[in-house]
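Structure record follows, encoded as C-alpha cells.
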Amino acid sequence: MSQELSEQEEQRRLTLQKIRELGMEPYPAEAFEVTHFAESIKAEFQEHQTVQIAGRMMSQRIMGKASFAELQDSSGRIQVYFNRDELCPGEDKTLYNEVFKKLLDLGDFIGITGQVFKTQVGEISVNVTSFKLLSKALKPLPLPKTDADGNTHDAFTDPELRYRQRYVDLVVNPKVKETFVTRSKVFSVMRKIFDQHGFLEVETPILQPIPGGAAARPFITHHNALDIPLYLRIANELYLKRLIVGGFDGVFEFAKDFRNEGMDRTHNPEFTVMELYVAYKDYRWMMEFTENLLQEIALAVCGTTEIRVGQNNISLKAPFKRVTMREAILEHTGYDIADKSEEQLRSICAALNIETQPEMGVGKLIDEIFGEKCEGNYLNPTFITDYPIEMSPLCKRHRDNPSLTERFELMINGKEVANAYSELNDPIDQRERFETQLQLSERGDNEAMFIDQDFLRALEYGMPPTSGIGIGMDRLVMLLTNNHSIQEVLFFPQMRPEKTVSLSELDKAILSICTDTAQLLSDARSKVDCSNKQWDLSVKHLTKNQLVKVYKEQDELLIKKV
RNA sequence: GAUUCCGUAGCUCAGCUGGUAGAGCAAUACACUUUUAAUGUAUGGGCCCUGGGUUCGAAUCCCAGCGGAAUCACCA
C-alpha cells in the first residue's frame with residue numbers, strides 16, 4: 001500500500017501537522033451538536049436565527065478580511081460567511097488568518113455556529129461566530145463547478161472511478177445521491193403497502209443446499225463443518241412457498257439473489273428481487289394488485305404516474321394492458337403458436353430469422369420468438385399472460401387450456417419487471433414437471449432446474465391455492481429514476497478487482513512460458529533458469545494471484561495460464 | 001465470448017503527419033470586508049496504464065497485456 005503521495009496529499013499531511021502544533025485535534029472524539037440542515041435553513045428563512053450545522057467545506061472564496069465558503073451536509077449546501085473581526089474580536093486573529101484561510105482544505109468536515117442572514121445579492125447564508133474542525137480530508141475531492149447558467153464544469157464523470165469510489169461520487173454528484181434516496185423510498189413504500197395488507201416480511205436462507213426456484217447458474221461455496229457444498233440462492237421462491245404451506249397467508253422478502261452469469265447494463269451477479277406470496281389468490285388477483293402497487297409507488301416516489309424513461313413517456317396509471325403470449329406473437333409476427341409442435345415452431349423460427357439450438361424445447365423456442373420479436377414493443381406496462389407450460393415448471397396449469405400456465409410477466413419499457421404465477425400446488429404435477437426439467441438438463445440445457453425433494457414433500461402436505469410474484473427491484477428503480485444501467489442503481493456494482501499484482505522478473509518469465517493449453521510442470525521448469533527455491537516461490541506467487549493454475553491429472557502435474 | 005472506442009497533473013480534457021509535456025479548475029504564495037464558476041499577480045505539480053517492437057528519437061506508429069465504456073451474443 002506504500003503509494004507515492006501526490007503534491008496535494010503531501011501538502012495536506014503538512015497542514016495536519018500544523019493543526020496539531022496549534023494544539024487542535026483534527027479528528028476530535030466528542031460529538032458535535034447539529035441543530036439545523038442546509039436545506040431547512042434556506043426553506044424556512046429566519047433572519048438572525050442561531051444555528052449549528054456541520055458538513056464538508058466544498059468551496060472557499062477568500063477576500064482579505066472576509067470570506068465565503070459553502071458547507072455541504074446531507075440535505076444540500078448552504079453558504080457560510082467568515083468575517084475576520086467577528087470571528088476573532090480580540091487581538092489574536094489566528095483562527096481566521098491561519099486556521100480558516102490556510103489550514104482548512106476543501107473536503108474537510110467542519111461544524112459551525114452562526115446566525116442566518118441574507119447577503120447583498122440575496123443569498124441566504126450563515127454568519128459564522130465560531131467553527132470547529134471535525135475531520136480533516138487528506139485527499140482532494142474532484143470539484144465540479146456549476147456556473148450561472150446551471151452548466152456543470154469539470155464534472156466527475158469517469159464511470160470506472162465513480163463506481164470504484166462511490167463515496168466520492170456521492171459527495172460530488174447530487175443526482176447520484178437522489179437516485180439512491182429514491183431507491184430506498186421505493187423499498188419503504190412497498191413495505192408499507194404490504195404491511196397494510198397484513199403480509200409478513202420474512203427471511204429465508206441465502207446459503208442453500210439445492211439452488212432452486214429459477215433456472216440459472218449458481219455460485220457455489222463450501223461449508224467446512226458439514227463438509228458439503230452450498231449454493232448462493234438464485235431465488236427464494238421455494239422457501240417462501242414452504243412458509244405458505246406452514247400457514248402464513250402472505251409472506252414477502254426483499255432478497256439478494258446471486259447468479260453466476262454475464263454482466264452488462266442490466267445484469268449484476270448479485271441483484272435484488274422482491275418476492276411476494278399470497279394464499280387463496282390467483283394470478284388475476286395478482287395482476288390487479290401489481291398494477292395498483294406500481295401506481296402507488298410511482299405516485300409516492302415521483303409524484304406522478306407519468307414518467308419519462310430515456311426517450312419514452314410511460315404511464316404507470318392502472319389498469320395495465322393484458323395480452324396473452326399467443327396474441328402477442330400473433331400480433332408481432334403473424335404466426336399463431338397455438339398447439340404447434342417443436343418441429344413446427346422450429347420452422348417458424350427459421351422463417352423469422354431466429355437462431356435456434358437443438359437442445360431448445362417448445363418452451364424455449366416460444367420464449368425465443370417472444371424475446372426477439374415482441375418484448376421490445378411493450379413500452380407502457382403490459383401483462384403478458386398464459387405462457388406455455390414448458391417454460392414454467394413452477395406454475396399452475398391454465399384453467400381453460402392444459403398446455404398453458406396461469407402466468408404473467410409485466411413488461412415495462414420493453415423489459416421484464418415482474419414475473420408472477422398462480423402457483424402450482426399439485427404435488428404430483430409438480431414432480432412430473434421437475435422430471436421434464438431433468439430431461440431438458442440431460443439434453444444439454446445447463447439452466448434446467450434441480451429437483452428439490454423436500455419442497456415436493458412440503459407440497460404433499462398441502463399448499464393452499466396461492467399466487468406469487470417476483471419483482472426485479474433494480475430494474476424497477478432504474479425505471480423510476482430514469483437510469484440506463486444497473487450499475488447506476490447499485491451502490492457498489494461488481495467490478496474487476498483493481499489491484500494489479502506486482503510481478504518480479506522471474507514471475508514474468510514463467511508467465512510468458514505458460515499458455516492456455518496445459519503443459520507438464522517439469523517441461524515448464526526446464527525452460528526457466530533459476531534455483532528450485534526461486535521457482536517454487538514464484539509459481540506459488542502466480543497461482544495465489546490466479547494467473548496460472550497448477551493441477552494434477554493422472555499423476556501428472558500440469559501448469560497452464562488462467 | 002466478438003467488435004469498436006478510451007486510458008496524459010488531484011478532476012475535466014487538448015496534444016496534428018514521431019522531435020525534451022499543455023489549458024481550465026484544484027494546490028502553494030501575495031493582495032482584496034457581502035462574494036458566488038469571485039478576481040488579480042506569481043509559483044509548483046507528470047512511470048503520458050504496463051511490457052515489448054520499429055526509429056537517431058515514441059504520449060504519438062505497430063504488437064501483446066491490464067482496466068473501463070458502448071454495441072452485439074448469452075441471460076426466466
- Item | For A:Val80, residues with placed amide H under 5 Å, excluding near neighbours | A:Ala69, A:Glu70, A:Leu71, A:Val126
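How big is Rg to Rh over chain A, alpha-carbon atoms, Rh as the Kirkwood inverse-mean-distance radius? Spell out each step's value before the answer.
Numbers: Rg = 30.6 Å, Rh = 28.7 Å.
On the Cα set of chain A, Rg over Rh gives 1.07.
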- Task: Over the alpha-carbon set of the stretch A:1-146, work out the extent along each principal axis and list the three values in angstrom, largest first.
- Result: 50, 37, 31
- Task: Return one number: the angle in degrees, 0 to 90 and rounded to the nearest 10, between the long axis of the Cα atoms of helix A:342-351 and the longest principal axis of the Cα atoms of chain A.
- Result: 50 degrees
- Query: Around A:Arg217, which amide H atoms from residues at least 5 apart in sequence, or from another chain, sit under 5 Å from its own amide H, with H modelled in the peptide plane?
  - Reply: A:Asn260
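What's the FRET efficiency of A:Lys177 with A:Ile354 using the Cβ-Cβ distance as r and R₀ = 35 Å, to the nearest 0.05?
On the way: r = 43 Å, r/R0 = 1.23.
Result of the calculation: an efficiency of 0.25.
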- Separation between Cα centres of the stretch A:210-251 and the stretch A:112-177, rounded to whole Å: 45 Å
- Note on the structure: The FRET efficiency for A:Glu201 and A:Lys93, from their Cβ-Cβ distance with R0 = 41 Å and rounded to 0.05, is 0.10
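Between exposed GluC sites (Glu not before Pro) in chain A, where DSSP calls loop and at most 15 other Cβ atoms lie within 10 Å, what's the longest gap? Intermediate results must be reported in sequence, preceding the final value.
Values: sites that count: A:Glu4, A:Glu30, A:Glu33, A:Glu44, A:Glu47, A:Glu91, A:Glu123, A:Glu203, A:Glu261, A:Glu355, A:Glu359, A:Glu447, A:Glu498.
Of all site-free stretches, the longest is A:262-354.
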- Looking at chain A, what % of its DSSP beta bridges pair antiparallel, to the nearest 5? 90 percent
- Message: Which of A:Cys88, A:Cys395 has the fewest other C-beta atoms within 10 Å, and how do the rest follow up to the most?
- Response: A:Cys88, A:Cys395
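Among the listed pairs A:Lys256/A:Lys321; A:Lys65/A:Lys102; A:Lys139/A:Lys177; A:Lys364/A:Lys396, give every one whose C-alpha distance is greater than 23 Å.
Numbers: A:Lys256/A:Lys321 30 Å; A:Lys65/A:Lys102 13 Å; A:Lys139/A:Lys177 21 Å; A:Lys364/A:Lys396 18 Å.
In this structure, A:Lys256/A:Lys321 lie more than 23 Å apart at Cα.
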- Here, the stretch A:324-441 modelled as identical Cα point scatterers in vacuum has Debye log10 I(q)/I(0) at q = 0.13 Å⁻¹ of -0.50
- Query: Can you sort A:Tyr81, A:Tyr378 by how many other beta carbons sit within 10 Å, fewest first?
  - Reply: A:Tyr81, A:Tyr378
- Determine ³J(HN,Hα), in whole Hz, for all residues of the stretch A:319-332 in sequence, where each value follows from phi through the Karplus function 6.51 cos²θ - 1.76 cosθ + 1.60 and θ = phi - 60°; x replaces Gly and Pro. x, 9, 5, 10, 9, 6, 4, 4, 4, 4, 5, 4, 5, 8
- Task: Can you tell me the 0 to 90 degree angle between the C-alpha axis of helix A:7-21 and the longest principal axis of chain A, rounded to 10?
- Result: 60 degrees
- Quick P(r) readout (the stretch A:224-269; Cα-Cα; 5 Å bins; whole %) gives 5, 16, 18, 16, 18, 14, 10, 4
- Item | Separation in nanometres of the label points that stand 7 Å from Cα toward Cβ, at A:Thr146 and A:Gln453 | 6.3 nm
- Query: Among the listed pairs A:Lys101/A:Lys185; A:Lys192/A:Lys373; A:Lys241/A:Lys415; A:Lys132/A:Lys192, which are separated by more than 31 Å between their Cα atoms?
  - Reply: A:Lys101/A:Lys185; A:Lys192/A:Lys373; A:Lys132/A:Lys192
- Message: Helix A:174-196 against the longest principal axis of chain A: what's the angle in degrees, Cα atoms only, rounded to the nearest 10?
- Response: 50 degrees
- Item | HN-Hα J in Hz across the stretch A:403-408 - Karplus 6.51, -1.76, 1.60, θ = phi - 60°, x for Gly and Pro | 8, 10, 10, 8, 9, 9
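Since every read-out is calculated from the coordinates, none of them should be taken as a lab result. Keep in mind it's a predicted model, so treat the numbers as computed, not measured. Here the Cβ is made from the backbone with ideal geometry for all residues, glycine too, and neighbour counts use every protein chain on show.
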